Amino acid sequence: MPGKLLHAFSRLIENPVFLSTFSAWFSAQFIKTIVELYRTKGLSGREILANLFWKTGGMPSSHSSLVTALTTSVGIVEGLDSVLFVVVLFYGILTVRDALGVRRSAGVQAQLLNQLRAELFQRYGVSFKPVKEVHGHTPAEVSVGVLLGFFIALGVCNL
């Protein structure tokens, strides 16, 4: 059993679609962490790990990078006329649209709720837990993520 599992894992990490997608996501998260380190002049080890593996928002968009690499690599490996390519293409469009629109709108609403919270506390002493502000992505963050994912997939699939 361990031999079969090891063989399956080996095949997975050699798969160009997996390699492209993982590399694009990790590269975006790595760049985002470097940008954050530069912007804040230092992070704790815990914050660095959170940025590398969990943090959303920021430059570049790892969502856009991941789905673009997935779409590009599936297009190269399976063909642009395959059903799988069509599925991942529309999944990618939906994800990028969500990163730009819905998540950004939710972040603006959270920011307004937190402002209202502060005002209620100041005027009436009413207190409640602040809402987490997830701001989605700017068009520039999404564009850089898309370009990063596209070129990583192109490079991985053509090696």
Looking only at the range 19-41, and only at residues there that are buried (at least 16 other Cβ atoms within 10 Å of the Cβ) and either more than 15 Å from the chain's Cα centre (by Cα) or of a type in the set (D, E, K, R) (or both), the one that is nearest to Thr138 (Cα to Cα): Lys32
Meets criteria (modelled with pLDDT under 95 and among the β-branched types (Val, Ile, Thr)) for Ile76: no
Selection from the range 86-97 of residues that are buried (at least 20 other Cβ atoms within 10 Å of the Cβ) and either without any contact (Cβ under 8 Å) to a residue 24 or more places away in the chain or not in a helix (DSSP H, G or I) (or both): Val88
Residues located in the range 116-159, provided they are at pLDDT 90 or above, farther than 25 Å from Trp54 by Cα and touching a Ser or Thr at 6+ places or on another chain (Cβ under 6 Å): Cys157
Neighbours by Cβ (under 6 Å, 6+ apart or cross-chain): first from the range 130-149, surrounded by fewer than 16 Cβ atoms within 10 Å (Cβ to Cβ) and of a type in the set (D, E, K, R); second modelled with pLDDT under 75 and in a helix (DSSP H, G or I): Glu133/Gly107
Contacts under 9 angstrom Cβ, first residue in the range 55-79 being within 13 Å of Ile152 (Cα to Cα), partner in a loop (DSSP other than H, G, I, E, B) and of a type in the set (D, E, K, R), 6 or more apart: Ser62/Lys55
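The values are calculated or read from the model by the stated rules, or taken from the named source; none is laboratory data. Everything numeric in this text was worked out from a predicted model, so none of it was measured. A quick note on method: Cβ atoms are made from the backbone with ideal geometry, for glycine too, and the neighbour counts reach across all protein chains shown.
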